[in-house]
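See below for the structure under consideration.
Computed from the coordinates by the stated procedures, all read-outs in this text should not be read as laboratory data. All figures in this text were calculated on a predicted structure; none of them were measured in a lab. Backbone-built Cβ (ideal geometry, glycine too); neighbour counts: all protein chains shown.
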Amino acid sequence: MSKIVVIGSSNTDLIAKVQEFPKAGETIKGVSYLQAMGGKGANQALAAHRLGGDVKFITSLGKDSNGINSLEYFKKEGLDTSLSYIAEGIPSGVAMIWVDKKGENSIVIIPGANDELSSGYIHEIEKEILEADLIVLQMEIPYNTVKTVCNIAYENNKRVLLNVAPAKKLDTDIIQKIDILVVNETEAETISGEIIEHIGEDGVVDKLLALGVKTVVLTLGKRGCILKNDQIYLQIPAFMVDTVDTTGAGDTFCGALAAELSKGHGWNEALKFASAAAAICVTRMGAQPSIPTETEVRIFLKNITIAH
């Protein structure tokens, strides 16, 4: 099994379940409240770990109670965070999440210590990062840090999986150093400068490939996902489940995909596994509490019917 390094954000999620999202100036009564660990980096690292990957997670936390609790939680989960940066005098990241009765979410993120994960620190731990075969990134840490990691990986022939979430325009120089680009429709449009309604899903994927990405995975929610590179084209349908909360589904997909690829599985098998993991995730509340184990996904795949 090859090694995975996930570099990214860690947040404490404050989750309120509501019937409907409030309008401007409106006060509503919530249904329930949950506090849980989150952040795209942490979600993807924990997903890859729970789903059978050999994972090291690099993040930045404050010395506050949220940071201390996060480190204790990761230790309990068995996730290696030994290379994480501890920021002085800055609070750990927080996300405030509303989830409506349909399972859709609305999120406000306060980055805090996540913004302190600098290019300088990445250079300090470069040797440890290069022990990995696959490096997984998202966009909740500084853009320059993402660029630095991509440059280091490219110079040393290490594969990079970049999930461009939240959506952000990328420099051409970064795009050409990405091995696996995982994006949803909004993110694909932001990077490509195209509108899916005008040129279609395949058209947007082709535009991303033309920019220099080696493999594009376009996630389509309940309609599954598309993968394309210079050798293969795959359409993987979604699984039918009752959605409770979509928070963390995309991160679970990315972590699961990384875990399966690290075990040497092919694209078709890896994408089906990742889709199943995301399907289980949306049937539960919260980001990290909803991430399934590898055993749960294997059982799910044996018993579930793919939606047509």
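Table for the structure above
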item	result
Low-density loop cleavage sites - trypsin sites (Lys or Arg not before Pro) in the range 148-232, where at most 14 other Cβ are within 10 Å (DSSP)	K168, K169
Gain in span if fully extended, R298 to S32, counting 0.36 nm per residue against the direct Cα distance	92.7 nm
Dipole moment magnitude, nearest 20 debye, the chain about Cα centre, only Lys, Arg, Asp, Glu C-beta charged	620
Listed residue pairs exceeding 27 Å between alpha carbons, taken from K222/K302; K207/K302; K56/K102; K63/K263; K102/K147	K207/K302; K56/K102; K63/K263; K102/K147
Leading residue at positive end of dipole, the chain (Cβ point charges), from S262, P292, T247	P292
Most positive-pole-ward Cα, S92, N66, V5, against dipole of the range 1-106 from beta carbon charges	V5
Over the range 1-112: Rg over Rh, Cα atoms, Kirkwood Rh	1.04
For Y85, distant residues with modelled amide H under 5 Å away	T59, S60, L61
Of the GluC sites (Glu not before Pro) in the range 110-180, those whose Cβ has at most 11 other Cβ within 10 Å and which sit in DSSP loop	E131
Beta bridges by DSSP in the chain, antiparallel share as percent, to the nearest 5	45
Charged-residue dipole, Cβ positions (Lys, Arg, Asp, Glu), the range 114-178 about Cα centre, Debye nearest 20	320
Under-5 Å amide H pairs with K3, H placed in peptide plane, nonlocal only	D133, L134
Distance between modelled label sites at S82 and V108, nm, 7 Å Cα→Cβ extension	4.0
